[in-house]
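Asks: What follows is a single structure, and I will ask about it in a moment.
The values are calculated or read from the model by the stated rules, or taken from the named source; none is laboratory data. Computed from a prediction, not measured in an experiment: that's the story for all the values here. Note that each Cβ is placed from the backbone with ideal geometry, even for glycine, and that neighbours are counted across all protein chains shown. The protein model used for the area step is the full one, side chains on, heavy atoms only, and it has no ligands, DNA or RNA in it. Shrake-Rupley method; radii C 1.70, N 1.55, O 1.52, S 1.80 Å.
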Amino acid sequence: ELKKKSVGRFSIGAALPYAEAIVERLRKLKEVDKIIPCGSLRRAKETIGDIDILVTSKKPQAVMNEFAGLPQVAKVFAKGETKTSVLLKNGMQADVRVVEPSSFGAAVHYFTGSKQHNIQIRELGVKKGLKINEYGIFKGSKRIGGADEKDVFESVGLPFIPPEIREARGEVEAAKAGKLPKLVELDDIKGDLHMHTKATDGAST
């Protein structure tokens, strides 16, 4: 059953190294200002459908050319001025989008998902007379925010919700109540050194 559900998806262990290598390569371009992987990868899901990367750049064509020519790319599906889609050699699809700096935060939120989480946030926005989408936060036709992802949450009166719990499973309600859980950080993980010596069945003193 798990196999059926995950057809066309890849374990995060297979997807993450590819995404990190692509982001690291593109980050070195002088034309790239900001860059971040989004989607289910940023939400740290166990399986990943495809890799979505958002970029801000004043010269998007240079970014598109570099991305399409990466050694990890097996085939280019589509290459435009602000979006390029490719098939990677590991069988995954990867998309790079270049967005305006003024929309970057809103776009990061939108493309990170999940879909149901985004719907909840948009509905909260509507109640406050706001329109929230990948282009920004709007009051009528006037953009009032969206450059930073925190803008999205602040506009609906919420603290920043970590990507890993944006699954519409109570995180919005927890944020409203000031009861967001503290996520496990790398510093929380402890290790135990275990070894054998000649005192038992090892080969060294």
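Asks: Test HIS117 against the stated conditions and say whether it is modelled with pLDDT under 95 and not hydrophobic (A, V, I, L, M, F, W, C).
Replies: Working: modelled with pLDDT under 95: no; not hydrophobic (A, V, I, L, M, F, W, C): yes.
So HIS117 fails the test.
Asks: Go through (1) aromatic (Phe, Trp, Tyr); (2) open to solvent by less than 10 Å² (accessible area, probe 1.4 Å); (3) not in a helix (DSSP H, G or I) for PHE138 and report which single condition fails.
Replies: For PHE138, the failing item is (2).
Asks: Now for a separate question. Looking only at residues that are open to solvent by 10 Å² or more (accessible area, probe 1.4 Å) and hydroxyl-bearing (Ser, Thr, Tyr) in the stretch 106-128, which one is nearest to ASP52 (Cα to Cα)?
Replies: TYR110
Asks: Just name the residue that is farthest from GLU46 (Cα to Cα) out of those in the stretch 149-161 that are in contact with a helix residue (DSSP H, G or I) (Cβ under 9 Å, 6 or more places away or on another chain) and surrounded by fewer than 16 Cβ atoms within 10 Å (Cβ to Cβ).
Replies: Among those residues, the one meeting the criterion is GLY157.
Asks: Does the stretch 145-166 contain any residue that is more than 24 Å from LYS83 (Cα to Cα), outside any loop (DSSP other than H, G, I, E, B), of a type in the set (D, E, K, R) and over 22 Å from the mean Cα position of the chain (by Cα)?
Replies: no
Asks: Now for a separate question. Condition check: over 30 Å from SER11 (Cα atoms) and surrounded by fewer than 19 Cβ atoms within 10 Å (Cβ to Cβ). Does LYS131 satisfy that?
Replies: yes
Asks: While we're on this one: Look through the stretch 189-200, keep the residues that are charged (D, E, K, R) and modelled with pLDDT of 90 or more, and return whichever of them is most open to solvent (accessible area, probe 1.4 Å).
Replies: My answer is LYS190.
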